[in-house]
Each structure stands twice: as structure tokens, then as C-alpha cells.
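The values are calculated or read from the model by the stated rules, or taken from the named source; none is laboratory data. Computed from a prediction, not measured in an experiment: that's the story for all the values here. Cβ placement follows ideal geometry from the backbone for every residue including glycine, while neighbour counts extend to all protein chains displayed. Just the protein is used for accessible areas: all its heavy atoms, side chains included, with ligands, DNA and RNA removed. Shrake-Rupley method; radii C 1.70, N 1.55, O 1.52, S 1.80 Å.
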Amino acid sequence: QVQLVESGGGLVQAGGSLRLSCAASGNIRIINTISTMGWYRQAPGKQRELVAFITSGGSTTYADSVKGRFTISRGDAKSTVYLQMNSRKPEDTAVYYCNARAGAANSWNPWGQGTQVTVSS
């Protein structure tokens, strides 16, 4: 397992931009096995949903609700992942979590604390 720490959340007006960061830490041998990394979000009263993920090869997948507005990217160290969020909408308000597949089983890690993003109209 690796530890995942999200940062960059806050309050932004509708139409504004925000960039989230997530860094993985822990056993370096496990960190070196990180493959896919992704962002998820959970709005009040709703289930957690996928926002976007990126493979080790750089292929990306986005939820329909964020296509064209959000961009996921990996850092040079491959143990960091970013989410650039543009043209924010009030419905983007949620706690955002990152996750990563790692280890011999290439399994998803336990969730971190997440970072709150609030979009005001």
C-alpha cells in the first residue's frame, strides 16, 4: 500500500479554475509499481464517482460530466497526479479523492482524506 495525500482544494466561483495535486508516499518499491492513478469525487448525499484516470502510459479517461473542462496529468516522478479543473460548475462541488493501483496485485489503495472543492454560483 501507499499513502495518498490530496491538496489544492478550496472555494472557487463558477467558471473559475483550480488545480488539485495528489502525492503518493510510502515504500519506494511499492511506489515504483504504481500504474493507473485516478481522481474521484463524492458530493453530499451521493455515491463516490470516477472523475478521470490516467494509465502509466499516459492514456486518459474522463467522466462525461467533466470532458473538455478537466485535465488529468502525471508528474515526472509518476507518483503524483494532478487534476486541472476549468470552467467550474456548482455541481462540481464535492470532496475529491485520488487513488492509485500499485503492488504485486496492481490493486487500488485505501482512500485518503480527500480535499474539499466548493464552487459558488
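What the table shows:
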item: Cβ pairs under 9 Å, 6+ apart, first in segment 104-117 and farther than 16 Å from R41 by Cα, second open to solvent by 60 Å² or more (accessible area, probe 1.4 Å) and part of a loop (DSSP other than H, G, I, E, B); result: S107/Q1
item: R101, sole failed condition from (1) open to solvent by 50 Å² or more (accessible area, probe 1.4 Å); (2) assigned to a loop (DSSP other than H, G, I, E, B); (3) at pLDDT below 95; result: (2)
item: Residues of segment 53-73 satisfying the condition of being in a strand (DSSP E or B) and hydrophobic (A, V, I, L, M, F, W, C); result: F53, I54, F70, I72
item: Residue in segment 72-91 that is modelled with pLDDT under 95, over 22 Å from G103 (Cα atoms), surrounded by 15 or more Cβ atoms within 10 Å (Cβ to Cβ) and not hydrophobic (A, V, I, L, M, F, W, C) present; result: yes
item: Single residue of T80, T115 found to be farther than 22 Å from T55 by Cβ and within 14 Å of the chain's Cα centre (by Cα); result: T115
item: Selection from segment 41-53 of residues that are in contact (Cβ under 8 Å) with a residue 60 or more places away in the chain and not charged (D, E, K, R); result: Q42
item: Any chance A94 is in contact with a strand residue (DSSP E or B) (Cβ under 9 Å, 6 or more places away or on another chain), open to solvent by less than 60 Å² (accessible area, probe 1.4 Å) and either at pLDDT below 95 or closer than 21 Å to S25 by Cα (or both); result: no
item: Test: residue in segment 40-55 that is open to solvent by 70 Å² or more (accessible area, probe 1.4 Å), modelled with pLDDT under 95 and closer than 28 Å to A104 by Cβ; result: no
item: Looking only at segment 17-34, and only at residues there that are among the polar types (S, T, N, Q) and surrounded by 14 or more Cβ atoms within 10 Å (Cβ to Cβ), the one that is nearest to the chain's Cα centre (by Cα); result: S21
